[in-house]
């Protein structure tokens, strides 16, 4: 397989993970409404800070720990608890009774909420790790065969731009749409999205119990 085949393959397969609705999708929409249109960039950056070291670890052959059942259980349990926690916090904020303003990107830089959410929802997401340990591992192996470590960087660059593009698009769309509708719409939207996050967290914990 050459680069003319591998790069389009990376893009197509990455879409299966990037475009799938999940915690990062929800937090990008919510952050866009609350913190500003570029909040998705910070969510993506937090995601990348976890994802890139994982890709390097897989390329280096450090996969045994992630394949361990106990490690998967711990990650899944912590991930479910984190998602539930964020969901409850979001619900509490939306029910305080005060309208939510949109303070813009300055608030994102100060509070760091979207960046932290990107870190946590990536590192504690068992489905994300499963994707890289299955589909992603095959892509890493092909990249290593083509150009060693440099090939891994090329492969990852072909993947990560999609995360930045999609999550930023979501936050920009959320910022513009909810900005036009007003602060009450932002508050109700955050309540709905936080409720979905709460449901996702319960589902993750249920999966851990099944394991």
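Every number here is computed from the coordinates shown, using simple stated rules; none is lab data. No experiment lies behind these values; they were computed from the predicted model shown. Cβ sites come from the backbone with ideal geometry, for glycine too, and all protein chains shown count toward neighbours.
Expected output is a single nm value to one decimal: the length gained when fully extending between residue 69 and residue 141, i.e. 0.36 nm times separation in residues minus the C-alpha distance. What is it? Don't jump to the answer; show the numbers that get you there.
On the way: separation 72, 0.36 × 72 = 25.92 nm, distance 2.31 nm.
Net length gain for the segment: 23.6 nm.
So, by mean Cβ neighbours within 10 angstrom, what's the order for 139-150, 26-37 with the highest one leading? Walk me through the numbers on the way to the answer.
Numbers: 139-150: 16.0, 26-37: 27.5.
So the peptides 139-150, 26-37, ranked by packing, come out 26-37, 139-150.
What order do you get for 52-59, 39-46, 153-160, 117-124 when each peptide is scored by the mean count of other beta carbon atoms within 10 Å, highest first?
Details: 52-59: 17.1, 39-46: 26.9, 153-160: 19.0, 117-124: 23.2.
Per-residue mean Cβ counts within 10 Å order the peptides as 39-46, 117-124, 153-160, 52-59.
Rounded to the nearest 0.05, what FRET efficiency is calculated for residue 116 and residue 92 with R0 set to 22 Å and r the Cβ-Cβ distance? Can you show the working numbers first?
Details: r = 17 Å, r/R0 = 0.78.
With a Förster radius of 22 Å, E is 0.80.
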Once both label points are put 7 Å beyond Cα along the C-beta direction, the residue 52-residue 13 separation in nm becomes 2.1
